[in-house]
Amino acid sequence: MGRLLEVNNLQTQFFTQDGVVQAVNDISFYLDEGETLGIVGESGSGKSVGVMSLIRLIPIPPGKIVGGEVIFDGQNLVKMTDNEIRSVRGNRIGMIFQDPMTSLNPVLTIGRQIMEALELHMGMDKTQSRKRTVELLEKVGISGAADQVDRYPHQFSGGMRQRVMIAMGLSCNPQLLIADEPTTALDVTIQAQIVELVQKLQEDLGMAVIWITHDLGVVAGIADRIIVMYAGQTMEEAPVRELFAKSRHPYTHGLIASLPRLDQRSGKLESIEGLPPDLVDLPKGCPFYARCKYRIPKCDKQRPKLDEISPGHYVACHIDINKDSITTEHPWEEDKE
Amino acid sequence: MAKEKEKDVLLHVENLKMYFPITKGIIFQKHVGDVKAADDLTFDIYRGETLGLVGESGCGKSTTGRAILQLYTPTAGKVIFRDADGDRDLAQTSGETLRRLRRQIQMIFQDPYASLNPRMTVGSIVSEPLEVHNIDNSAKRLKRVRELLNIVGLNPYFINRYPHEFSGGQRQRIGIARALALNPDFIVCDEPISALDVSIQAQVINLLEDLQDKFGLTYLFIAHDLSVVRHISDRIAVMYLGKIVELTESDELYANPLHPYTEALLSAVPIPDPAIEKKRQRIILEGDVPSPANPPQGCNFSTRCPKFIEGKCDTKDPAFQEVQPGHWVACYLYEGVHK
């Protein structure tokens, strides 16, 4: 498998009245062809902004990519002109967004919206693009596709709209599909349909997928590797099994322990006390310092680097939670005093 | 904790129906149909337990919660609330009597951003129930508010701040403090954690559990996330398109789901463990939930059911019956099976 995407030291900031929001703070990762990468984080962790920066979909101003490079198939996307990036976006990199209702244009038929990309990128004429659109809708499991192309988004249910979005994302046979919380707005039974659909399409078409989510459960079943983000930085990166079995970062560890599980009767949930830091005023040291049970004085002064602790497993933490003991039982309360 | 509890019924719901009329015309509004958001529900809630109510969006779970609290006037049915003063049918009470009963039944809302008045301080939000019910003088109320903030894990120092100064999890704590102000017996929690981040969800779940132990509260916990519901509930009711299709103890529901919809729902919930996920067999349901304004003939689930029996499921509604002690299901597969 060849290397498809390489992101090096990407930094994205938003310049607002309240100060500079450091949304993405020096992240690096790679993606091989046909691979599925899960990016997990809470709201404000920079997972969406990070990936939107790859395809330059962040609003400028107030946003700006202040540093780093994104090498996609040998080309640096950050350095491209607007016209050049337009020929990549939607063509070689497809996207599915979180909320299908707000990402579809309500006054255009769904057929028109899918055909637009085909005519623009593939140079098809109306008849060709319409034929291809019907094929795509059939592929994503919309029955009676030939009649459905002329309908408007409001005539579809949430799950069906998300299928339309997927058809749109796949329209130009992308090498990479970016799925930004595609199932968050959907019910679990519909989520299962969509997850299965994307996996099947990935097998058929051999594309790589970046799946962004806040739900560790969803990526556990589909991703090859997972990146855990917090406050715009990568906390931990590991192959999926290793991450769940041997998470090393206190944040990842806490996140997994705080999930109630359907297959086990758990006692009291372990919770991560406190709140994520303000991205305008990030601490000098580790961003997780204030909430960390294992913290040591060094963590407050020096930001830990992302180190490879075993092949493919990277952690940004000064301590080893398997060796070092908990230093503060209730870090949150200590801060209050 | 829950297992040894006596089966002391706090709330008995019988044949509860909540229909919303569909009308046509502008001046002469003709009644052309109903959205049957809650259709003929019968269940009990025991004192001190947590009953989880799960289902997908639009299945009527929030409507049920609101109809119990008389935030909607139910179309038909009884909601009997039992306390030291005896049994009272909430659906038949109104005015001052209902207002007094509301001290004992409270609600925690889903969206902590929409359910707190942005122009009121935390202190006035939490003390409002006390003022409305004329409890204590202002000095005592202030003391009580400080105490409540402490109970839900907020610093009483925040009493003069406004909701926008707080994060989602903290706002939900304010909503919980408000619900606790009148020392209620029963709280309807309508998706209290679904608007919160994962690491904050566990904080709020733990808080709700602690409060239940401390004050002997009874919860109706409405949510769409089965993992959360299983964690917090003693018993679970599964709803589909306005009807309860299965009701039993939460461990039993997971170990031995009877209704085909429950099976599909359980299999669709992702488990955060890649080793298990690799081995699981998913039941993928076809299609979408039908419109509650125009439910299918017969069983509501018949259009998507993998175990559909022709000539039976599409003719008449299956009865909701107890097939094993404490395990209720509405499905023809268990017809004639008795406890």
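Tabulated results
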read-out: Mean separation of Cα contacts under 8 Å, 6 or more apart, over the residue count of chain B: relative contact order %; value: 18 percent
read-out: Relative contact order for segment B:168-279, counting Cα pairs under 8 Å that sit 6 or more residues apart, in percent; value: 18 percent
read-out: Sequence-distant residues sharing a close amide H with A:Ile227 (under 5 Å, placed H); value: A:Gly38, A:Ile39, A:Val40
read-out: Listed residues B:Gln281, A:Gln264, B:Phe81: farthest to the positive end of the dipole of the protein assembly as shown (Cβ charges); value: B:Phe81
read-out: When the convex hull of its Cα atoms is projected in every direction, mean area for chain B (nm²); value: 20.5 nm²
read-out: Residue pairs, from the table B:Lys143/B:Lys214; A:Lys246/B:Lys278; B:Lys61/B:Lys143; B:Lys61/B:Lys316; B:Lys36/B:Lys78; B:Lys36/B:Lys312, whose Cα atoms sit over 25 Å apart; value: B:Lys61/B:Lys143
read-out: Intensity falloff of segment A:48-105 expressed as log10 I(q)/I(0), Debye formula with alpha-carbon point scatterers, at q = 0.12, 0.17, 0.31 Å⁻¹; value: -0.31, -0.61, -1.46
read-out: Residue-wise HN-Hα coupling along segment A:273-281, computed from phi with Karplus coefficients 6.51, -1.76, 1.60 (Hz; x: Gly, Pro); value: 6, x, 10, x, x, 6, 6, 7, 10
read-out: For segment B:297-320 and segment A:193-208, distance of Cα centres in Å; value: 32 Å
read-out: Candidates per GluC sites (Glu not before Pro) in segment B:3-59, loop by DSSP, up to 15 other Cβ within 10 Å; value: B:Glu4, B:Glu6
read-out: Nearby aspartates and glutamates by direct alpha-carbon distance to B:Lys24 (threshold 16 angstrom, same-chain neighbours under 8 apart not counted); value: B:Asp34
read-out: Segment B:142-183: C-alpha gyration tensor shape, a/c 1.5 cut-off, then a/b vs b/c; value: oblate
read-out: Ratio Rg/Rh [Cα only; Rh per Kirkwood] for segment A:79-198; value: 0.96
read-out: Equivalent ellipsoid semi-axes, segment B:183-311, via Cα gyration tensor eigenvalues times 5, rooted, Å; value: 29, 19, 14
read-out: Ordering of B:101-107, B:74-80, A:35-41 by burial proxy (mean other Cβ atoms within 10 Å per residue, highest first); value: A:35-41, B:101-107, B:74-80
read-out: Radius of gyration and maximum dimension Dmax of segment B:125-207, Cα, Å; value: 13.0, 40
read-out: Area projected by the alpha carbon convex hull of segment B:95-245, averaged over all directions, nm²; value: 9.9 nm²
read-out: Inverse mean reciprocal Cα-Cα distance (Kirkwood Rh) of segment B:15-71, Å; value: 13.2 Å
read-out: Only Lys, Arg (+1) and Asp, Glu (-1) charged, at Cβ; segment B:68-134 dipole about Cα centre in debye; value: 60 debye
read-out: Prolate/oblate/rounded call for the protein assembly as shown, Cα gyration tensor, a/c under 1.5 rounded; value: oblate
read-out: Protein accessible surface hidden between B and A, which excludes ligands and nucleic acids, total in Å², probe 1.4 Å; value: 3900 Å²
read-out: 1.4 Å probe, heavy atoms, protein only - residues of segment A:175-209 losing at least 10 Å² accessible area vs chain alone; value: A:Asp187, A:Val188, A:Thr189, A:Ile190, A:Gln191, A:Ala192, A:Gln193, A:Glu196
read-out: Karplus-derived 3J(HN,Hα), 6.51/-1.76/1.60, for each residue of segment A:306-315, Hz, glycine and proline x; value: 7, 10, 7, 9, 8, x, x, 10, 10, 9
read-out: Sulfur and carbon atoms: percent of accessible area, chain B [1.4 Å]; value: 49 percent
read-out: Separation of the B:Asp89 and A:Met101 label points, Cα + 7 Å toward Cβ, nm; value: 3.7 nm
read-out: Where Rh is the Kirkwood radius over Cα pairs, Rg/Rh for segment A:7-70; value: 0.98
read-out: Overall form of chain A per C-alpha gyration tensor (a/c, 1.5; a/b vs b/c); value: prolate
read-out: Max mean-square fluctuation residue, GNM over chain B, Cα-Cα springs under 10 Å, options B:Ala268, B:Ala177, B:Ala84; value: B:Ala84
read-out: Alpha-carbon centroids, segment A:99-170 and segment B:274-288: separation in whole Å; value: 27 Å
read-out: Phi to ³J(HN,Hα) by Karplus 6.51 cos²θ - 1.76 cosθ + 1.60 over segment B:251-266, Hz, x for Gly, Pro; value: 5, 5, 4, 6, 6, 9, x, 9, 6, x, 5, 4, 4, 5, 5, 5
read-out: Residue-normalised accessible area of segment B:215-312, expressed per residue, 1.4 Å probe, Å²; value: 36 Å²
read-out: Sum of -39500 (n - 2.57) over DSSP H runs of 4+, divided by residues of chain B (222 nm, nearest 500); value: -8500 deg cm²/dmol
read-out: Trypsin sites (Lys or Arg not before Pro) restricted to DSSP loop in segment B:119-155 with at most 15 other C-beta within 10 Å; value: B:Arg119
read-out: Alpha-carbon centroids, segment B:181-258 and segment A:1-50: separation in whole Å; value: 35 Å
read-out: Chain A - percent relative contact order, Cα under 8 Å, separation 6 or more; value: 19 percent
read-out: Average other protein chain Cβ within 10 Å of Cβ, residues A:219-229; value: 3
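The values are calculated or read from the model by the stated rules, or taken from the named source; none is laboratory data. Only a predicted model underlies this, so the values are computations on that prediction, with no experimental measurement involved. Cβ: placed from backbone, ideal geometry, glycine included. Neighbour counts: every protein chain shown. Each accessible area value is taken on the protein alone, full model and side chains, heavy atoms only, with ligands, DNA and RNA left out. Shrake-Rupley method; radii C 1.70, N 1.55, O 1.52, S 1.80 Å.
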